[in-house]
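**Q** To start, I am sharing the structure in question, which I have written as structure tokens.
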Amino acid sequence: MPSLMLFDDGKGLLAPLSDLRPSFGIRTGALSLFHRCSELYGQRPRSVFVPDGNAALTSALYPDINVNTVHDDEPVLLINGRCAVPRSEWMDLAPGEAVADAETGDIVAACVPGRQAPRVVSGGASLRATRSKTRELIYRPWHVRSSRDAAMGLDLELLTRDPNPRTLPGVTAWGPHPISIHPSARVSPTVVLEAEAGPIVIDEDAVVRPGTIIIGPAYVGRHATILERTLIKSWTAIGPYCKVAGEISGTIFQGFANKAHDGHLGDSWVGEWVNLGAGTTNSNLLNTYDQVITRATPTGPNERTGEQFLGAIIGDHVKFAICSRIMTGAVLHTGCMFAQTAPISGCVGAFAWATDAGVRQYRLDKFIEVAKVVMARRKITPSEAYLAKLTALHAQGA
């Protein structure tokens, strides 16, 4: 069996998803590609490749993984970090064989000698590539919504291979699909777990408070807290150390985010260190029931997303004042702060400080001061590489 390598080719317009992590670190379902491949192939990636400008940050995020280094010529299965749903049969690729994306032609997976991996990543290797029948790679922020169901379906299948059913006093659970609750998780009496349409996984040290309803397929990550009377609808993944409440449907939380009050959030992606003020609500469907059209960047063209249900793409460190309203298809880049009475709409650039008086740039020194305070609440100190990346992102928007 070849060893496993992942690579970030830096292609597409994935910001804000990829601003502070490599493409294979984006949570596209219950898991990121990094952890999805570990579960699917039964081995952790041995090495990863990223653009040189992201090497320091990647090393800080994955300190036990080789970054941009190769040690031998043994066969490796190289998988593009923008692939949301890896295939088990890719382990059977012969050396020199590859799978290319149906739409872009970019390499999705390839079996090559380890030392040839950098040439594959740079596009300089000659491979026997077969085009896939469907799009395999994400290349716009809203593709996390497009690939969500397939990615989460695979994740929950992998995570419930050895289900850990528990009979808990006062908890109502039913449905034909597995309900897996980690032994360290705490699920209160009066919680309802409904697995009619898909599995439910409640991970290590998660807390589910009284009155919560969780409808599968759904995932509650490590150390996440689901507050009282929360409604978690299908296709929702709550990442680690999040605290959530209100009504949440079809939304992926990367991790370390707070939505601790009432309000609706649907068909969205939420980055790390986001805080949604009390009553914040989003729209995930146009009044015309039409396909959502939006932009990946503030100055980019309008694009058809192919999605009828699309909420918001919310970058890391975005903050919302109470009762904020987020319109359908909003793309909100890293570090924005919204304290405005008007609805939030369209694509908003990184580090926008938006109030009723207008929009200006969030001061970097103040932003980093707040970020350090927020992260310290979870006992995390940002690395120098992380701070350097934030500084570089801020300079790009200046």
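The values are calculated or read from the model by the stated rules, or taken from the named source; none is laboratory data. The model shown is predicted, which means the values in this text are computed figures rather than measured ones. Quick reminder, even Gly has a Cβ in these numbers, built from the backbone with ideal geometry, and neighbours come from all protein chains shown. Accessible surface is based on the protein model in full, side chains and every heavy atom, while ligands, DNA and RNA are left aside. Shrake-Rupley method; radii C 1.70, N 1.55, O 1.52, S 1.80 Å.
**Q** Using a ≥ b ≥ c from the Cα gyration tensor of the stretch 209-288 (square roots of the eigenvalues), is it rounded, prolate or oblate, where a/c under 1.5 gives rounded and otherwise the larger of a/b and b/c decides, a/b for prolate?
**A** Note, shape of the stretch 209-288 comes out rounded.
**Q** Let me ask something else. Let me make sure I get this right: for the chain, a, b and c are the square roots of the gyration tensor eigenvalues over alpha carbons, sorted descending. Under 1.5 in a/c it's rounded, otherwise prolate if a/b > b/c, else oblate. Which is it? Each step should come with its number before you reach the end.
**A** On the way: a/c = 1.58, a/b = 1.17, b/c = 1.35.
Verdict is oblate for the chain.
**Q** Just tell me which lysines come within less than 21 Å, Cα to Cα, of K233; anything on the same chain fewer than 8 places away is out.
**A** K243, K259
**Q** Of A125, A330, A84, which is the most mobile in a GNM of the chain whose springs link Cα atoms less than 10 angstrom apart?
**A** A125
**Q** Tell me, what is the 1.4 Å probe accessible area of L93, in Å² to the nearest 10?
**A** It works out to around 30 Å².
**Q** Moving to a separate point now. Choose one answer from G277, G29, G124: the residue with the largest mean-square fluctuation in a GNM of the chain with alpha-carbon springs under 10 Å.
**A** G124
**Q** Taking Cα centroids, how far is the stretch 369-398 from the stretch 115-173 in Å?
**A** That distance is 29 Å.
**Q** Also, quick follow-up: Over the heavy atoms of H35, what accessible area does a 1.4 Å probe trace out, to the nearest 10 Å²?
**A** 90
**Q** Quick one: accessible area per residue over the stretch 183-280, 1.4 Å probe, rounded to a whole number of Å²? Mind dumping the intermediate values first?
**A** On the way: 2840 Å² over 98 residues.
Each residue of the stretch 183-280 exposes 29 Å² on average to a 1.4 Å probe.
**Q** With 22 Å as the cut-off, how large is the P(r) tail for the stretch 129-281, expressed as percent of Cα-Cα pairs? Walk me through the intermediate numbers first.
**A** Details: 4250 of 11628 pairs.
That fraction is 37 percent.
**Q** Could you tell me what percent of the DSSP beta bridges with both partners in the chain are antiparallel, to the nearest 5? Don't jump to the answer; show the numbers that get you there.
**A** Values: 17 of 82 bridges.
Approximately 20 percent, going by the DSSP bridge assignments.
**Q** Further question: Using a Gaussian network for the chain with springs between C-alpha atoms less than 10 Å apart, which of these wobbles most: V67, V359, V292?
**A** In this elastic network of the chain, the residue with the biggest mean-square fluctuation among V67, V359, V292 is V359.
**Q** Work out from phi, with θ = phi - 60° and the Karplus expression 6.51 cos²θ - 1.76 cosθ + 1.60, the ³J(HN,Hα) of each residue of the stretch 385-393, listed in order in whole Hz, and give x for Gly and Pro.
**A** Once rounded to whole Hz, the list reads 5, 5, 5, 5, 5, 4, 4, 5, 5.
**Q** Quick one: what Rg and Dmax do you get for the stretch 36-119 from the alpha carbons, in Å?
**A** Rg, Dmax (Cα atoms, Å): 12.9, 34.
**Q** First compute the accessible area of the stretch 224-308 with a 1.4 Å probe, then give the percent of it belonging to carbon and sulfur atoms. Don't jump to the answer; show the numbers that get you there.
**A** Numbers: 1460 of 3190 Å².
Carbon-and-sulfur percentage of accessible area, whole number: 46.
**Q** Among DSSP beta bridges lying fully in the stretch 328-393, give the percent that are antiparallel, nearest 5. Present the calculation step by step, with values, prior to reporting the outcome.
**A** Numbers: 4 of 9 bridges.
The antiparallel proportion sits near 45 percent.
**Q** Would you pull out the residues with amide H under 5 Å of V50's amide H, same chain only if 5 or more places away, H placed 1.01 Å from N?
**A** The list, which skips near neighbours in sequence, is D8, N68.
**Q** Can you give me the three principal axis dimensions of the stretch 152-215 from its C-alpha atoms, in Å, biggest first?
**A** Here the spans come out as 29, 23, 18 Å, largest first.
**Q** With a/c under 1.5 counting as rounded, go ahead and sort the stretch 243-299 into rounded, prolate or oblate using the C-alpha gyration tensor (a ≥ b ≥ c being the square roots of the eigenvalues; past the cut-off, prolate if a/b is larger than b/c, else oblate). Mind showing how you got there, number by number?
**A** Values: a/c = 2.23, a/b = 1.43, b/c = 1.56.
Judged from the Cα gyration tensor, the stretch 243-299 comes out oblate (a/c at least 1.5, b/c at or above a/b).
**Q** Let me ask something else. How much accessible area per residue does the stretch 1-132 have, counting only protein heavy atoms and a probe of 1.4 Å, in square angstrom?
**A** Working: 5120 Å² over 132 residues.
With all protein chains present, the stretch 1-132 gives 39 Å² per residue.
**Q** Counting only other residues whose beta carbon sits under 15 Å from that of V274, what net charge do I get with K and R as +1, D and E as -1? Present the calculation step by step, with values, prior to reporting the outcome.
**A** On the way: positive: R21, R27, K243, K259, K319, R377, R378; negative: D19, E272, D316.
Neighbour charge sum, excluding V274 itself: +4.
**Q** May I pose another question? How many times 2.2 N^0.38 Å is the alpha carbon radius of gyration of the stretch 237-381? Numbers along the way, then the final one.
**A** Numbers: Rg = 14.6 Å, N = 145, 2.2 N^0.38 = 14.6 Å.
In units of the globular-protein estimate, the stretch 237-381 measures up at 1.00.
**Q** Please report the antiparallel percentage of the DSSP beta bridges confined to the stretch 1-121, to the nearest 5. Write out the running numbers ahead of the final one.
**A** Numbers: 9 of 19 bridges.
Taking every DSSP beta bridge with both residues in the stretch 1-121, the antiparallel ones total about 45 percent.
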